[in-house]
1. Could we say that Val176 is touching a residue at least 60 places away in the same chain (Cβ under 8 Å), out of contact with any Ser or Thr (no Cβ under 8 Å at 6 or more places or on another chain) and of a type in the set (Val, Ile, Thr) here?
2. Quick one: Gln165 ticks every box in (1) part of a loop (DSSP other than H, G, I, E, B); (2) over 30 Å from Asp43 (Cβ atoms); (3) of a type outside the set (Ser, Thr, Tyr) bar one, so which box is it?
3. Going by what's in this entry, would Gln51 be described as out of contact with any strand residue (DSSP E or B) (no Cβ under 9 Å at 6 or more places or on another chain), in contact (Cβ under 8 Å) with a residue 60 or more places away in the chain and assigned by TED's automatic domain parsing to the domain that holds Asn132?
4. Looking only at the stretch 328-343, filter to residues that are touching a residue at least 40 places away in the same chain (Cβ under 8 Å) and not in a loop (DSSP other than H, G, I, E, B); which one of those is surrounded by the fewest Cβ atoms within 10 Å (Cβ to Cβ)?
5. Sort out which residues of the stretch 62-119 are closer than 17 Å to Asp43 by Cβ and under 26 Å from the mean Cα position of the chain (by Cα), and write them in order of number.
6. Just one of Leu120, Leu94 is closer than 21 Å to Pro148 by Cα, touching a helix residue (DSSP H, G or I) at 6+ places or on another chain (Cβ under 9 Å) and surrounded by 14 or more Cβ atoms within 10 Å (Cβ to Cβ); which is it?
7. Restricted to the stretch 124-161, and to residues that are in a helix (DSSP H, G or I) and surrounded by fewer than 19 Cβ atoms within 10 Å (Cβ to Cβ), which residue is nearest to the chain's Cα centre (by Cα)?
8. Can you tell me which residue is modelled with the lowest pLDDT among those in the stretch 411-439 that are buried (at least 19 other Cβ atoms within 10 Å of the Cβ) and assigned to a helix (DSSP H, G or I)?
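The values are calculated or read from the model by the stated rules, or taken from the named source; none is laboratory data. Quick caveat: nothing in here was measured; it's all calculated off a predicted structure. Neighbour counts run over all protein chains shown; Cβ positions are idealised from the backbone, glycine included.
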Amino acid sequence: MTESAPSGEDTEQHNVNAILARLAERISVRTFEDRPIDPELIDTIIGDGIQAPSACNQQVWHFVVVSDPELKKRASEIAGLNPHFREASVIVYLCFQKGWFHDKFSVVQSVAAAGYHMILSAHLRGLATIWNAGIGDTRDVAALLGIPPVFEIQGALCIGYASKQAPRIKPPRRPVETIRSWNRFERPATAIFPLQQAMEYPFWKISNTCNPYAVHDPRVWGWERIASFRGYSVWHKSPLAGVYVPKPHEGIPEAEIAALPDLENGSAILEIMPYGGTYTAMMRRRYGPDVHIHFAELSELHTPFIEERLRQEGLSINNLHPGVMDRGHLPYRDEQFDLVFLPQILEAVPEPEVLLDETRRVLKPGGQAVVSARNSISWFGWLFRRKLRRQPVPNFGPARPRPSFAIRRLLIQRFRMAEEFGLWPSPSRRADRLNGVGRFFGRLYVARVVKVQDPRVKIRV
């Protein structure tokens, strides 16, 4: 018996599925080959974009294409030195005329739909893109490109040819059943992030630099919400080599890594809650591929990004071991590690005591832990109370600076102190060590401790 040929309906459905599968492969690319693109191809992509729906079909959108290298360089500077603004073949600024059908953001929705249509068109044509909401001060962009004040600049698309080094990794999407409900609103509590209690939340009061409803206290969030938030957010520009570090943080990671002790080949390190692989890559460079680096996260979704980050940095992922912890409890046997590293983590978890008890449990006798924490009794702590806590929660999750004395007390209850110091108190480009009394007033408090049978026997200060 021979199989019948697929019907026209089956063939059509197969084609639909193939197209949708191809579209789902789209990823955001942040590193491009610096080469020109045919202007006619860009016009074709924009022509595809304007097939998207437009509020009342007014089509008050406008798209400014930037290909001039000097303009792209300046656009990169305005956007915070994002390199892909310089490297992409073109930047397409998405604009709309103000004063038309603003209710429910209809004009914004129209431009967004057109922008995504362009992204899909470029993807199907073998080009790479990245959508940018963070384009810098739009007044500077408008002055650069002669965009009149009656037009709003909504964002920008970078379009070009992906470099050979561009990561081919797509951030995870939440399962459909967690973001969809039928006939009434239902959503898992772990996927609803906390805000300050208010009668209403007017959108115009919330921006990238101000969120009066933000909650930065990890105890209010709880372990599960933090795991959900960190699992899906991509921060520090994801796994690119030489990840951008904000100027006020320059030198800080290097100072923390310098506090780590020397180790022999074959030693085992545990890094708790890595920051996108930044510290992991630095430890790999310091210790080489023969030291085992374990990292414990709250979500397994981080693993591919951290591994890709090391590949992008040209570093070995041999002897790199991911793990997932549950509510601060580590998935390792007793006395397994020579070194545990907790970089700016105790102030970012609901129960730091649990994490320190677990750290002591998994350390070998004589093993060491290095802890750094953002310090509330510093100029940085004052800045947090006055300003930063009214800003949105960062993409790596909530955190609230803790007093250096409180961190020290938690440590000496469990370990013997071997070394402690502070780092420069203000959020500047300096990362000088502070010793003596000054160690308690740095923006970061850093301590290296040792596991002994009874930490109270001798405390070295």
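1. no
2. Among (1) part of a loop (DSSP other than H, G, I, E, B); (2) over 30 Å from Asp43 (Cβ atoms); (3) of a type outside the set (Ser, Thr, Tyr), the lone unmet condition for Gln165 is (2).
3. Yes.
4. So the residue we want is Asp338.
5. Within the stretch 62-119, Ala88, Ser89, Val90, Ile91, Val92, Tyr93, Leu94, Gly115, His117, Met118, Ile119 meet the criteria.
6. Leu94
7. Per the stated criteria, the residue is Thr138.
8. Ranking the qualifying residues of the stretch 411-439, first place goes to Arg439.
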